[in-house]
Amino acid sequence: MAERKPQDKNVLLVEPQAMLRRTVALTARSLGLAHIHEAASMALARQILRQRPFDGAIIAIDDDGAAHDLALLDQVRGGDSASPPQIPIAVMAGNCTGEQLTQLKERQVARVIVKPFRARVLLEALASLAEQKPN
């Protein structure tokens, strides 16, 4: 099977802030980084993940790494989605303690992006996810 180009890959972006979500999605599409599917909430993301496969995901988590946010990662890693459990995942967080970093590593998070960040950092992470192959 031929390898798909990054711009042909589907990446789920879970971000509650509409302006950031739309800006990233439109910029990524215009730069041909990936096809971005947007979810404004964890509940919507859970539903979308069960309906269609993705090549990667970028997920915003609460500053405290709330259990319901980590549950979305667990859903994917546990095989309860239409995507392979090993898809690359990046996480955006307001801060990241050592304990949170350990929890994210246990869930095989490929990259942690700490807010605030420059748009370029998020776009680089997105490009990296789109280029990765699941393990």
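Would you confirm whether or not region 61-73 contains a residue that is in contact (Cβ under 8 Å) with a residue 12 or more places away in the chain and on the phi > 0 side of the Ramachandran plot?
Yes.
Would you be able to tell me the number of residues in region 87-107 that are within 21 Å of Leu123 (Cα to Cα) and loosely packed, with under 14 Cβ neighbours inside 10 Å?
Within region 87-107, the first condition is being within 21 Å of Leu123 (Cα to Cα), and the residues that meet it are 87-96, 104.
Next cut, loosely packed, with under 14 Cβ neighbours inside 10 Å only: 94-95.
Total meeting the criteria: 2.
Return the residues of region 58-82 that are farther than 11 Å from Arg107 by Cβ, modelled with pLDDT of 95 or more and crowded, with 21+ Cβ neighbours inside 10 Å; say none if nothing qualifies.
Correct list: Ser81 only.
Could you run through region 18-43 and say how many residues are touching a residue at least 24 places away in the same chain (Cβ under 8 Å) and surrounded by fewer than 19 Cβ atoms within 10 Å (Cβ to Cβ)?
9
Considering only region 66-135, give the helices (runs of 4 or more DSSP H) lying wholly within it that have at least 2 residues that are more than 23 Å from Val24 (Cβ to Cβ). Full working, then the answer.
Numbers: elements: 67-77, 98-106, 119-131.
Once the helices (runs of 4 or more DSSP H) in region 66-135 are filtered for at least 2 residues that are more than 23 Å from Val24 (Cβ to Cβ), what remains is 67-77, 98-106.
What are the residues in region 87-135 that are closer than 24 Å to Lys5 by Cβ, in contact with a helix residue (DSSP H, G or I) (Cβ under 8 Å, 6 or more places away or on another chain) and not aliphatic (A, V, I, L, M), if any?
From region 87-135, those closer than 24 Å to Lys5 by Cβ are 87-90, 110-111, 113, 119-135; that's our starting set.
Checking the rest, the ones that are also in contact with a helix residue (DSSP H, G or I) (Cβ under 8 Å, 6 or more places away or on another chain) come to 87-90, 110-111, 113, 119, 122-123, 126-127, 130-131.
Matches in region 87-135: Pro88, Arg111, Glu131.
Can you tell me which residue within region 108-129, out of those that are at pLDDT 85 or above and of a type in the set (D, E, K, R), is surrounded by the fewest Cβ atoms within 10 Å (Cβ to Cβ)?
Ranking the candidates gives Glu124 first.
Could you give every pair whose Cβ atoms fall below 6 Å, whose first residue belongs to region 92-105 and is free of Cβ contacts under 8 Å to residues at least 40 places away in the same chain, and whose second residue is of a type in the set (Phe, Trp, Tyr), counting only separations of at least 6 or pairs across chains?
Going by the 6 Å Cβ cut-off, there are no qualifying pairs.
The values are calculated or read from the model by the stated rules, or taken from the named source; none is laboratory data. On a predicted model such as this, the values are computed, not experimentally measured, just so you know. Neighbour counts run over all protein chains shown; Cβ positions are idealised from the backbone, glycine included.
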